[in-house]
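Trainee: Before we start, here is the structure in question, set down as structure tokens.
The values are calculated or read from the model by the stated rules, or taken from the named source; none is laboratory data. Every value quoted in this text rests on a predicted model; they were computed, and no experiment measured them. For neighbour counting, all protein chains shown are included, and Cβ atoms are generated from backbone atoms with ideal geometry for every residue, glycine included. Keep in mind that these areas ignore ligands, DNA and RNA; they rest on the heavy atoms of the full protein, side chains included. Shrake-Rupley method; radii C 1.70, N 1.55, O 1.52, S 1.80 Å.
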Amino acid sequence: MSTQLTRQLPNWITFPQKLRDAIPAFEPCSGRMLRLDSIEARPTDTEWTGRRVAVKLRVCETGKLDGVFDVWLHLNISAAEALADVLRTAAANSTKQ
């Protein structure tokens, strides 16, 4: 019996539980702006998820607050390639303006 993954998992973003406290609960607040501090990406390959790309976005509080949070993207290879293409195109177009 093969242990190969036969279904494709969806792409997902994982937010840390502690990030919930950083978002104000009052209206009309639409959320919290965080500074992008760093980005790391690596290939992953497990029996449960198969071959994917994991991207860690380290975000930081701004102003007087000092929280640091890791937001994870778990992408199928085709989605990671598509995201890379979109970012490359946007970066190329922004230099033309």
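Trainee: Any chance you could count how many residues in segment 12-33 are assigned to a helix (DSSP H, G or I) and among the polar types (S, T, N, Q)?
Mentor: Count: 1.
Trainee: Can you spot a residue in segment 73-81 that is open to solvent by 100 Å² or more (accessible area, probe 1.4 Å) and more than 12 Å from the chain's Cα centre (by Cα)?
Mentor: Yes, there is a match, as at least one residue in segment 73-81 is open to solvent by 100 Å² or more (accessible area, probe 1.4 Å) and more than 12 Å from the chain's Cα centre (by Cα).
Trainee: How many residues does segment 30-45 hold that are open to solvent by less than 70 Å² (accessible area, probe 1.4 Å) and within 27 Å of Leu9 (Cα to Cα)?
Mentor: Here the count works out to 2.
Trainee: Can you tell me how many residues in segment 84-97 are of a type in the set (A, V, I, L, M) and open to solvent by 70 Å² or more (accessible area, probe 1.4 Å)?
Mentor: Final tally of qualifying residues: 2.
Trainee: Looking at Val53, Val68, can you tell me which residue is open to solvent by less than 40 Å² (accessible area, probe 1.4 Å) and either in contact with a Pro (Cβ under 6 Å, 6 or more places away or on another chain) or within 30 Å of Asp21 (Cβ to Cβ) (or both)?
Mentor: Among Val53, Val68, only Val53 is open to solvent by less than 40 Å² (accessible area, probe 1.4 Å) and either in contact with a Pro (Cβ under 6 Å, 6 or more places away or on another chain) or within 30 Å of Asp21 (Cβ to Cβ) (or both).
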